[in-house]
1. Being modelled with pLDDT of 90 or more and outside any loop (DSSP other than H, G, I, E, B) is the filter here; which residues of region 7-29 pass it?
2. Within the set of pairs 6 or more residues apart or between chains, which connect a residue that is closer than 16 Å to residue 50 by Cβ and touching a residue at least 24 places away in the same chain (Cβ under 8 Å) inside region 16-40 to a residue that is open to solvent by 60 Å² or more (accessible area, probe 1.4 Å) and of a type in the set (Val, Ile, Thr) with Cβ atoms less than 6 Å apart?
3. Which members of region 48-68 meet the condition of being open to solvent by less than 60 Å² (accessible area, probe 1.4 Å) and assigned to a strand (DSSP E or B)?
Amino acid sequence: MSIDGDQPHGDGINIAVRIEGLAAPEGICIAEVVYRQVKHKLPLTYHDLGEQQLKNIPEAVRVWRVRWEESDSSQSTV
């Protein structure tokens, strides 16, 4: 990521913006790289949306929808 003036840009920012468009209103979607870091740390459940082809991103990205119900086992759902 780099910053040009007040605007950050880079692959991570582009992916985040594209994934944001997949989320339901008031919802959150995260990339696989984020999911791997939080899946056992937050008491939430996650729904696997699979590989998504995002605009201007050459490789497909696995996306997860965050579900606000707390999970007793912190397991993901598919």
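1. Across region 7-29, the qualifying residues are 15, 16, 17, 18, 19, 20, 29.
2. none
3. Of everything in region 48-68, those that are open to solvent by less than 60 Å² (accessible area, probe 1.4 Å) and assigned to a strand (DSSP E or B) turn out to be 48, 49, 50, 52, 61, 63, 64, 66.
The values are calculated or read from the model by the stated rules, or taken from the named source; none is laboratory data. Bear in mind the structure is a predicted one, so any value in this text is a computation, not a measurement. Note that each Cβ is placed from the backbone with ideal geometry, even for glycine, and that neighbours are counted across all protein chains shown. Just so you know, the surface numbers come from the protein's heavy atoms only, side chains and all, with ligands and any DNA or RNA stripped out. Shrake-Rupley method; radii C 1.70, N 1.55, O 1.52, S 1.80 Å.
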